[in-house]
Structures are given as structure tokens and as C-alpha cells.
Amino acid sequence: MPDKREKIVRQRAETRVGCRAMILVRKVESGKWVVTKFVKEHTHQLTPGKGRRDCIYDQYPNEHDKIRELSQQLAIEKKRAATYKRHLELLFEHIEGHNESLAKRIQHIVENVREIETKDHQQQQQQQQSLR
């Protein structure tokens, strides 16, 4: 199939004010891309474009300041996370202690119920023997 990319012509904003500088490339039969036309001379000053990356440097011209600021924020968040972790550990210890206390109480209740059932069973046997 023919390469459709060769036919795409992109519309540009008119910022070149008559400048003839250009680079044309074409894909040849071997599959490689070859520069077919190159005009180096510009009729205007070259200025860097405003990419997304440039916006960060506009706000933080010194990248080390940004790194320092982010490092400080990271340290604060690590301390906060450690505090939350310790609070959760204490809460889990409390819950575990409470669970152990409840388990002992339940075991005590079960033992009392068995004791009462045993006494009731013994009384019923005594009553049946006395009726005979």
C-alpha cells in the first residue's frame, strides 16, 4: 500500500513572515527516510517555542529550587505517613487487647452456662430417681 504520510500537508500559523527555511523528507523504496530539500537561511530571529516543559521553568527558573521545594514536601508527607502509621498500629493494638478481653469474657460465660446445665441435668436425674 502507498504511504499516506507523504500526502499530509499540515497547516501552520503564519509566523514565518516569508521565511523560506525548510526541511523536506521523503520515504524511498528501501524504506528509509531521506532529506530531499533543506534551506537553512532564516529571515527572522530564532526563538525557542513554549513547550509544556518550558512552563515549569517559567515558574521555577532555577530547577534546584523546585527540587528543594519538592524534597521538603516529600519529607513532610513522609513524617505525616509515619504518624498515621503509628496511630493505626496503636489502634490495632487496642483492638487486639479488647478482642482478647472479650474472648476471655465469652469463655467465662460459656463455662458458667455449662456449669448451670450440668447442675440442672443432675437435679433432673435426682428428681427422676426420687419419683421411682
At a 1.4 Å probe, what is the % contribution of carbon and sulfur to the accessible area of segment 63-132? 55
With every protein chain left in place, what is the accessible area per residue of segment 55-132 in square angstrom, probe 1.4 Å? 97
Using a 1.4 angstrom probe and counting only protein chains, how large is the accessible area of E93 in Å², to 10? 110
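The values are calculated or read from the model by the stated rules, or taken from the named source; none is laboratory data. What you see is a predicted model; the values in this text were computed from it and never measured. For the accessible areas, the whole protein counts, side chains as well, though only heavy atoms, and no ligand, DNA or RNA atoms are used. Shrake-Rupley method; radii C 1.70, N 1.55, O 1.52, S 1.80 Å.
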